[in-house]
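J.: Structure incoming, see below.
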Amino acid sequence: MTDTTLYARLGGEAAIEAVTEAFYSRVLADPQLSGYFKGVRMDRQTRMLASFLALAFGGPDAYTGRSLRRAHAGQGLEDAEFDAVVAHLAVALSAAGVAETDVKAVAEVAESVRAEVLDR
């Protein structure tokens, strides 16, 4: 692994956008998670997540959305849903050819915000 940011190692903006689209394809096909996105404008949701991930992975700060706690408030998310989301993200990253060490680094970033997303 190099000293470059996770954002750069993943391939930058275009790669993160592609992974985000693949991720949401998986999430929307998952009956455990798809209900959370009823009525959500997925084009906007995809852009917001890609911007958030870019920031979280050391890339440019173009995120203009709510805090993770506010964005997920009242949804009743539990560990099982969080784990499923992280698993779908890992599969999307792996399918895009991301190195296993970087897939694990992404999972660590996700784990670092579990409490905020689950409002603990």
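J.: Considering only residues of region 47-64 that are at pLDDT 85 or above, surrounded by fewer than 16 Cβ atoms within 10 Å (Cβ to Cβ) and in contact with a helix residue (DSSP H, G or I) (Cβ under 7 Å, 6 or more places away or on another chain), which is nearest to residue 112 (Cα to Cα)?
T.: That would be 58.
J.: Would you confirm, using the coordinates I've provided, whether residue 70 is basic (Lys, Arg) and either in a helix (DSSP H, G or I) or surrounded by 14 or more Cβ atoms within 10 Å (Cβ to Cβ) (or both)? Walk me through it before giving the result.
T.: On the way: basic (Lys, Arg): yes; either in a helix (DSSP H, G or I) or surrounded by 14 or more Cβ atoms within 10 Å (Cβ to Cβ) (or both): yes.
Answer is yes for this residue.
J.: Report, ordered by the first and then the second residue, all pairs with beta carbons closer than 7 Å, sequence separation of six or more or different chains, a first member in region 80-109 that is at positive phi and in contact (Cβ under 8 Å) with a residue 60 or more places away in the chain, and a second member that is assigned to a helix (DSSP H, G or I) and surrounded by fewer than 18 Cβ atoms within 10 Å (Cβ to Cβ).
T.: none
J.: Considering only residues that are surrounded by fewer than 17 Cβ atoms within 10 Å (Cβ to Cβ) and in contact with a helix residue (DSSP H, G or I) (Cβ under 8 Å, 6 or more places away or on another chain), which ones fall in region 87-101? Give the derivation first.
T.: Applying the first criterion (surrounded by fewer than 17 Cβ atoms within 10 Å (Cβ to Cβ)) to region 87-101 yields 87, 91, 94-97, 99-101.
Result: 91, 94, 95, 96, 99, 100.
J.: Sticking with this one: Residue 8 passes all but one of (1) surrounded by fewer than 17 Cβ atoms within 10 Å (Cβ to Cβ); (2) under 14 Å from the mean Cα position of the chain (by Cα); which number fails?
T.: Unmet for residue 8, out of (1) surrounded by fewer than 17 Cβ atoms within 10 Å (Cβ to Cβ); (2) under 14 Å from the mean Cα position of the chain (by Cα): (2).
J.: Take region 26-51 and flag every residue that is in a helix (DSSP H, G or I) and either closer than 19 Å to residue 100 by Cα or touching a residue at least 40 places away in the same chain (Cβ under 8 Å) (or both). Walk me through how you get there before you give the answer.
T.: First, the residues of region 26-51 that are in a helix (DSSP H, G or I): 26-28, 34-37, 42-51.
Selection gives 26, 27, 36.
The values are calculated or read from the model by the stated rules, or taken from the named source; none is laboratory data. Keep in mind it's a predicted model, so treat the numbers as computed, not measured. All Cβ positions, even for glycine, are placed from backbone atoms using ideal geometry, and neighbour counts span all protein chains on display.
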